[in-house]
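Trainee: Take this structure first; my questions come after.
The values are calculated or read from the model by the stated rules, or taken from the named source; none is laboratory data. Quantities reported herein were computed from a predicted structural model and do not represent experimental measurements. Backbone-built Cβ (ideal geometry, glycine too); neighbour counts: all protein chains shown.
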Amino acid sequence: MNNTQDDNIRWDKLEEKLNESASDEAAGSDLTSEEQSVFLIFKKIRARLKPVDVQKSFPLEEGWTSLKERIEAAEGLQKGKLRSLRIFRYAAAAVLVIGVSGAAWWLITTRSDDANKKTIAKTKTEIHQKAELSPSDNVQIVMADGSKVDVDNHPKTITEANGVAIKTADGAVQYTAPAETSTQEVSYNSLIVPRGRRHQIILPDGTKVWLNSASKLSFPTVFAGKSREVQLDGEGYFDVKKDMTKPFVVQTTEAKVAVLGTAFNVNTFDKKITLENGSVKVTAHEQDVLLNPGEQANASGNLKKAFVNVKDVTAWKDGSIFLDNVTLAEIATVLERSFDYDFSFASPSVGLQRFTLGMKTPETLEEVLNNLRLLAPQLKFSVDGRKVLVSLEKE
């Protein structure tokens with residue numbers, strides 16, 4: 001097998017490790033982080049398949065090529081135009097054994113064989129798209145006096161009373177403090193990003209923050225004290241300007257994250273802090289934990305940490321989606337924030353089905369729903385205005 005440049009994955013090495021993993025618990029330990037992600041998902045696929053269906057060898061690269069061609073043909077797409085969807089690539093070996101719909105179905109649920117056959121026999125789910133996929137609100141700055149500035153219609157520069165200049169350009173808000181800040185009056189601003197939007201802000205110290213949809217960052221317009229403290233509600237990725245004399249602190253309702261200079265992601269929706277590089281100290285529930293690169297702290301209960309794929313966690317920065325083994329209800333929550341829609345389910349059981357979904361910069365909700373439909377043809381999405389009802393086709 002020839003290695004491709006796709007995701008820089010050594011397919012022959014991965015195939016070898018997958019074939020070893022059934023009897024060797026240490027198999028896969030020398031793979032790259034990207035290969036580890038594929039390795040773990042393939043192991044999940046193999047665990048779900050019946051023993052009679054599992055081949056001794058996983059033809060990964062050929063499987064991905066075959067699957068792309070079949071999906072393109074089914075969707076009437078020009079060859080090579082299929083948008084990258086990681087779950088299909090990772091499920092390629094299973095596809096060669098039981099087919100496109102079968103592989104998706106085994107990944108999603110463990111229903112009876114009869115139910116599986118009925119579901120696999122179904123083709124496309126009708127999607128009623130009746131609304132424009134545009135955000136309902138604009139990004140806003142809340143000034144110290146409580147007034148609000150619409151960033152999208154913002155003049156090029158605003159100068160506050162304490163001399164701080166606020167500029168908007170190229171999708172970012174930039175704060176610039178005057179040269180002398182020790183005697184400056186400290187005032188606080190907030191940047192509010194509504195559902196369906198993302199935005200970047202450069203703080204007075206040069207720290208860059210990417211805010212995800214439905215998020216709010218509150219911060220002083222001048223970092224005049226012994227620390228640089230901000231408050232986050234939602235999700236943000238921080239690339240902190242190094243300053244050994246002033247720790248940078250992110251406060252949330254559940255935790256406090258303290259750093260000197262590093263890059264990390266804070267998600268208050270899931271109460272998780274993920275470190276990309278440098279080091280951070282997370283404090284929550286009267287507990288402390290130090291994170292190393294590639295680790296994630298979970299502050300939803302007793303503070304604990306685990307290794308994660310940071311690229312997947314921070315995929316939202318570029319408008320991408322990667323969700324690993326989550327329920328449809330959890331996916332819907334992310335889509336509500338990302339595209340400014342409200343989801344509901346015909347029955348609670350519909351939202352309990354589990355998926356692994358990855359998409360590169362989907363521009364519309366319809367793109368995501370179409371890919372979910374490919375994974376599970378039994379799903380039906382009825383869109384009315386900005387409301388989406390998810391149900392199952394009658395069998």
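Trainee: Would you mention how many residues in segment 277-289 are closer than 21 Å to Thr314 by Cβ and surrounded by fewer than 18 Cβ atoms within 10 Å (Cβ to Cβ)?
Mentor: Summing the residues that are closer than 21 Å to Thr314 by Cβ and surrounded by fewer than 18 Cβ atoms within 10 Å (Cβ to Cβ) in segment 277-289 gives 4.
Trainee: Could you please let me know if Thr274 is in contact with a strand residue (DSSP E or B) (Cβ under 6 Å, 6 or more places away or on another chain), under 20 Å from Val334 (Cα atoms), not hydrophobic (A, V, I, L, M, F, W, C) and not in a loop (DSSP other than H, G, I, E, B)?
Mentor: For Thr274, the condition - in contact with a strand residue (DSSP E or B) (Cβ under 6 Å, 6 or more places away or on another chain), under 20 Å from Val334 (Cα atoms), not hydrophobic (A, V, I, L, M, F, W, C) and not in a loop (DSSP other than H, G, I, E, B) - is met.
Trainee: Kindly establish whether Ser227 is modelled with pLDDT of 90 or more, among the polar types (S, T, N, Q) and under 21 Å from the mean Cα position of the chain (by Cα).
Mentor: Against the criterion (modelled with pLDDT of 90 or more, among the polar types (S, T, N, Q) and under 21 Å from the mean Cα position of the chain (by Cα)), Ser227 does not qualify.
Trainee: Would you mind stating whether Val388 is modelled with pLDDT of 90 or more, outside the structural domain of Phe269 (by TED's automatic domain parsing), in a strand (DSSP E or B) and surrounded by 20 or more Cβ atoms within 10 Å (Cβ to Cβ)?
Mentor: yes
Trainee: Does segment 276-287 contain at least one residue that is within 18 Å of Leu211 (Cα to Cα) and under 22 Å from the mean Cα position of the chain (by Cα)?
Mentor: Yes, segment 276-287 contains at least one residue that is within 18 Å of Leu211 (Cα to Cα) and under 22 Å from the mean Cα position of the chain (by Cα).
Trainee: I'd like to check something: does segment 196-203 contain any residue that is charged (D, E, K, R), in contact with a Gly (Cβ under 9 Å, 6 or more places away or on another chain) and at pLDDT 90 or above?
Mentor: Yes: segment 196-203 contains one or more residues that are charged (D, E, K, R), in contact with a Gly (Cβ under 9 Å, 6 or more places away or on another chain) and at pLDDT 90 or above.
Trainee: Restricting to segment 208-233, name every residue that is of a type in the set (A, V, I, L, M, F, W, C) and under 16 Å from Val257 (Cα atoms).
Mentor: Selection gives Val209, Leu217, Phe219, Val230, Leu232.
Trainee: Checking the conditions here, which among Val164, Val193, Val186 is within 21 Å of the chain's Cα centre (by Cα), of a type in the set (A, V, I, L, M) and closer than 23 Å to Phe248 by Cβ?
Mentor: None of the other options fit; the residue is Val193.
Trainee: Exactly one condition in (1) surrounded by fewer than 19 Cβ atoms within 10 Å (Cβ to Cβ); (2) not in a loop (DSSP other than H, G, I, E, B) is false for Thr356; which is it?
Mentor: Thr356 satisfies every listed condition except (1).
Trainee: Please specify each residue of segment 238-251 satisfying the condition of being at pLDDT 95 or above and surrounded by fewer than 22 Cβ atoms within 10 Å (Cβ to Cβ).
Mentor: Asp239, Val249, Gln251
Trainee: Which residue pairs have Cβ atoms closer than 8 Å, lie 6 or more positions apart in sequence or on different chains, and pair a first residue in segment 273-300 that is at positive phi with a second residue that is part of a strand (DSSP E or B) and loosely packed, with under 13 Cβ neighbours inside 10 Å?
Mentor: Correct list of pairs: Gly294/Phe307.
Trainee: Which condition from (1) under 26 Å from Trp316 (Cβ atoms); (2) more than 28 Å from the chain's Cα centre (by Cα) is the one that Val209 breaks?
Mentor: Failed condition: (2).
Trainee: Also: Looking only at segment 132-162, filter to residues that are in a loop (DSSP other than H, G, I, E, B) and in contact with a helix residue (DSSP H, G or I) (Cβ under 9 Å, 6 or more places away or on another chain); which one of those is modelled with the lowest pLDDT?
Mentor: Across segment 132-162, the extreme among qualifying residues is Leu133.
Trainee: Could you please tell me which pairs satisfy a Cβ distance under 8 Å, a separation of 6+ or placement on different chains, a first residue in segment 242-254 that is over 21 Å from Gln287 (Cβ atoms) and in contact (Cβ under 8 Å) with a residue 24 or more places away in the chain, and a second residue that is in a loop (DSSP other than H, G, I, E, B) and among the charged types (D, E, K, R)?
Mentor: Asp243/Asp205; Lys246/Asp205; Lys246/Lys226
Trainee: Does Val334 qualify as being within 20 Å of Gly358 (Cα to Cα), in the same structural domain as Glu254 (by TED's automatic domain parsing) and under 14 Å from the mean Cα position of the chain (by Cα)?
Mentor: No; evaluated as a whole, the condition is false for this residue.
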